[in-house]
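Undergrad: I have a structure I would like to understand better, so I am pasting it below and will then ask my questions one at a time.
The values are calculated or read from the model by the stated rules, or taken from the named source; none is laboratory data. Only a predicted model underlies this, so the values are computations on that prediction, with no experimental measurement involved. Counting neighbours? That spans all protein chains shown, and the Cβs are built from the backbone with ideal geometry, glycine included. The protein model used for the area step is the full one, side chains on, heavy atoms only, and it has no ligands, DNA or RNA in it. Shrake-Rupley method; radii C 1.70, N 1.55, O 1.52, S 1.80 Å.
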Amino acid sequence: MTSGAPEKRRLTILGSTGSIGTNTLDVINQLGGRETFEVAALTGNGNIELLAEQARATGAELAVTANEDQYENLKSALSGTGIEVAAGRSGLIEAAERDAGWVMAAIVGTAGLAPTLAAARRGADIALANKECLVSAGDLFVRAVRAGGGKLLPVDSEHNAIYQVLEEHQRHAVERIILTASGGPFRQSTLAEMRDVTAATARAHPNWSMGLKISIDSASMFNKALEMIEAKHLFGMRPDQIEVIVHPQSVIHSMVGYSDGSVLAQLGCPDMRTAIGYALSHPARPALDVQRLDFAKLSRLDFEAPDEERFPALRLARLAMERGGMQGAILNAAKEVALEAFIGGRTGFLQMAVITEAVMEAMIATPAASTMNDVFAVDEEARRLAKVIAERDAAA
Ligand SMILES: NC(=O)c1ccc[n+]([C@@H]2O[C@H](COP(=O)([O-])OP(=O)(O)OC[C@H]3O[C@@H](n4cnc5c(N)ncnc54)[C@H](OP(=O)(O)O)[C@@H]3O)[C@@H](O)[C@H]2O)c1
């Protein structure tokens with residue numbers, strides 16, 4: 001005999017304390033919270049107070065901090081609740097491997113690779129926010145998802161938009177995908193002006209509220225470069241089928257062009273909860289309390305071709321896609337080091353692309369990865385080389 005109550009969906013959020021993680025919990029609350037969902041595991045890193053609060057509020061089975069030094073703090077914050085506690089890399093893997101049909105992969109950086117891969121291998125549907133899984137380990141990761149049999153649901157607003165308008169039964173008729181880019185704070189700046197930009201001015205994104213690094217990546221268009229590489233893996237496109245168009249209002253989140261000349265676009269207010277909700281409810285659409293577009297107030301939508309001289313990151317992405325192999329991982333690792341150097345005032349805004357390209361050229365013969373350890377080794381070597389180049393530049 002059954003109780004008649006609908007079965008709850010079990011899910012895990014890797015990186016629950018971050019911006020995507022907290023937005024995911026907001027969506028889950030909007031869609032019924034504990035009545036509808038069962039949280040298998042939540043993970044964070046340094047924000048123990050928030051992680052413990054989230055675990056208590058959701059009744060999570062397991063809470064994990066990636067930082068082993070925080071294990072005792074998390075344990076004492078959750079004492080008496082019955083919530084299991086774990087820490088470190090093994091704790092993250094434990095969270096990813098715990099039985100849950102849907103996993104939000106929102107750990108930032110290469111730390112997200114191993115747990116996301118573990119969840120993919122066991123066949124969970126992966127809502128993917130982490131960039132490194134596709135940029136650094138695209139072929140390996142996509143193979144793991146296929147072998148596991150789960151769905152890969154993109155969360156980044158651009159890829160989520162494409163996912164929404166890419167009609168599976170019309171895949172053969174897709175000619176191109178068009179990623180929109182806001183153009184960032186330097187859309188209209190000259191090359192000379194961009195040479196003197198500081199981290200404080202570069203972080204002022206016109207439409208989205210984001211962290212420091214991702215805001216600067218948007219300003220330099222390295223963020224778009226990573227998205228181009230992600231799109232290649234996600235949608236199985238050739239590099240020449242991936243276009244970028246600057247669209248300052250960020251209302252159209254991306255588009256798909258078909259062989260009959262039609263272009264399908266997804267539009268909305270800039271709010272990650274729409275993309276997260278779609279990834280959570282796919283193929284259905286959830287009812288979400290997010291701002292609606294008011295077309296009468298929009299008045300206009302503008303488009304411009306991106307200027308690859310001022311935003312060389314786009315050219316580097318194309319190079320990485322055409323070369324294949326480990327060039328995506330190398331681009332990403334070198335860019336991270338260059339970004340740190342820029343934030344620390346040790347290199348210039350435009351120099352970030354120069355450093356990245358130098359590392360890509362130096363490591364052009366790197367063979368494709370067979371295992372995750374190969375990816376980590378290449379990532380480490382690209383970072384080492386980028387540091388040498390950045391330090392040499394700073395000393396010059
Ligand atoms: N935010 C967006 O709108 C957006 C859009 C598209 C894609 N993305 C991508 O989605 C990912 C998450 O973005 P976010 O904005 O949510 O980042 P975030 O706010 O920085 O949050 C990152 C999450 O990862 C955890 N974390 C940090 N270092 C870690 C480590 N070494 N090991 C394990 N966990 C660690 C953080 O824990 P603590 O907070 O507890 O330290 C937090 O839970 C990134 O790859 C980002 O590029 C973000």
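Undergrad: Any residue in the stretch 281-288 that is touching a Gly at 6+ places or on another chain (Cβ under 6 Å) and modelled with pLDDT of 95 or more?
TA: Yes; the residues of the stretch 281-288 include at least one that is touching a Gly at 6+ places or on another chain (Cβ under 6 Å) and modelled with pLDDT of 95 or more.
Undergrad: So residue 285 passes all but one of these: (1) charged (D, E, K, R); (2) under 24 Å from residue 239 (Cβ atoms); (3) open to solvent by 60 Å² or more (accessible area, probe 1.4 Å). Which condition number does it fail?
TA: (2)
Undergrad: For the list (1) in contact with a helix residue (DSSP H, G or I) (Cβ under 6 Å, 6 or more places away or on another chain); (2) surrounded by fewer than 17 Cβ atoms within 10 Å (Cβ to Cβ); (3) β-branched (Val, Ile, Thr), I need the number of the one condition that residue 256 fails.
TA: (2)
Undergrad: How many of the residues making up the stretch 76-93 are within 22 Å of the chain's Cα centre (by Cα) and either more than 11 Å from the ligand (Cβ to nearest atom) or assigned to a loop (DSSP other than H, G, I, E, B) (or both)?
TA: The qualifying residues number 1.
Undergrad: Right, here's the next one. State which residue pairs qualify: first residue polar (S, T, N, Q) and inside the stretch 229-248, second residue open to solvent by 30 Å² or more (accessible area, probe 1.4 Å) in any location, beta carbons under 6 Å apart, and separation of 6 or more residues or different chains.
TA: 241/176
Undergrad: For the stretch 131-156, what are the residues that are surrounded by fewer than 24 Cβ atoms within 10 Å (Cβ to Cβ) and in a loop (DSSP other than H, G, I, E, B)?
TA: Matches in the stretch 131-156: 131, 149, 150, 151.
Undergrad: I've got another one for you. Just need a number here: residues in the stretch 57-103 that are free of Cβ contacts under 8 Å to residues at least 40 places away in the same chain and farther than 28 Å from residue 278 by Cβ.
TA: Here the count works out to 25.
Undergrad: Could you please find all residues in the stretch 348-374 being among the β-branched types (Val, Ile, Thr) and buried (at least 23 other Cβ atoms within 10 Å of the Cβ)?
TA: Residues satisfying the conditions are 355, 356, 359.
Undergrad: Regarding residue 291, is this residue among the polar types (S, T, N, Q) and either free of Cβ contacts under 8 Å to residues at least 12 places away in the same chain or open to solvent by 50 Å² or more (accessible area, probe 1.4 Å) (or both)?
TA: The answer is yes for residue 291.
Undergrad: Could you go through the stretch 289-303 and let me know if any residue there is part of a helix (DSSP H, G or I) and hydroxyl-bearing (Ser, Thr, Tyr).
TA: Within the stretch 289-303, not a single residue is part of a helix (DSSP H, G or I) and hydroxyl-bearing (Ser, Thr, Tyr).
Undergrad: Quick one: which of 128, 226 is within 21 Å of residue 21 (Cα to Cα), hydrophobic (A, V, I, L, M, F, W, C), in contact with a Lys or Arg (Cβ under 6 Å, 6 or more places away or on another chain) and buried (at least 21 other Cβ atoms within 10 Å of the Cβ)?
TA: 226 is the lone residue from the list that is within 21 Å of residue 21 (Cα to Cα), hydrophobic (A, V, I, L, M, F, W, C), in contact with a Lys or Arg (Cβ under 6 Å, 6 or more places away or on another chain) and buried (at least 21 other Cβ atoms within 10 Å of the Cβ).
Undergrad: Residue 249: within 16 Å of the ligand (Cβ to nearest atom) and outside any helix (DSSP H, G or I), yes or no?
TA: no
Undergrad: So, in the stretch 304-331, of the ones that are touching a Pro at 6+ places or on another chain (Cβ under 9 Å) and part of a loop (DSSP other than H, G, I, E, B), which residue ends up least open to solvent (accessible area, probe 1.4 Å)?
TA: Result: 326.
Undergrad: Sticking with this structure for a sec: Any residue at all in the stretch 178-192 that's more than 21 Å from residue 217 (Cα to Cα), open to solvent by 20 Å² or more (accessible area, probe 1.4 Å) and under 22 Å from the mean Cα position of the chain (by Cα)?
TA: No; the residues of the stretch 178-192 include none that is more than 21 Å from residue 217 (Cα to Cα), open to solvent by 20 Å² or more (accessible area, probe 1.4 Å) and under 22 Å from the mean Cα position of the chain (by Cα).
Undergrad: Of the residues that sit in the stretch 157-201 and are more than 16 Å from the ligand (Cβ to nearest atom), outside any loop (DSSP other than H, G, I, E, B) and among the small types (Gly, Ala, Ser), which one is nearest to residue 259 (Cα to Cα)?
TA: Of everything passing the filter in the stretch 157-201, 173 is nearest to residue 259 (Cα to Cα).
Undergrad: Of the numbered conditions (1) buried (at least 22 other Cβ atoms within 10 Å of the Cβ); (2) touching a strand residue (DSSP E or B) at 6+ places or on another chain (Cβ under 6 Å), residue 75 fails exactly one; give the number of that condition.
TA: Here residue 75 meets the rest and fails (1).
Undergrad: Another question about this same structure. Out of the stretch 34-61, which residues are more than 9 Å from the ligand (Cβ to nearest atom) and either part of a loop (DSSP other than H, G, I, E, B) or of a type in the set (Asp, Glu) (or both)?
TA: Selection gives 35, 36, 38, 49, 53, 59, 60, 61.
Undergrad: Scan the stretch 6-33 residue by residue and report those that are free of Cβ contacts under 8 Å to residues at least 40 places away in the same chain, open to solvent by less than 50 Å² (accessible area, probe 1.4 Å) and within 15 Å of the ligand (Cβ to nearest atom).
TA: 17, 25
Undergrad: Here's something else I'd like to know. Under the condition of being polar (S, T, N, Q) and part of a helix (DSSP H, G or I), which residue from the stretch 348-396 is farthest from the chain's Cα centre (by Cα)?
TA: In this case the residue turns out to be 351.
Undergrad: Suppose the filter is in contact with a His (Cβ under 8 Å, 6 or more places away or on another chain) and open to solvent by 10 Å² or more (accessible area, probe 1.4 Å); does residue 234 pass it?
TA: Spelling it out, residue 234 is indeed in contact with a His (Cβ under 8 Å, 6 or more places away or on another chain) and open to solvent by 10 Å² or more (accessible area, probe 1.4 Å).
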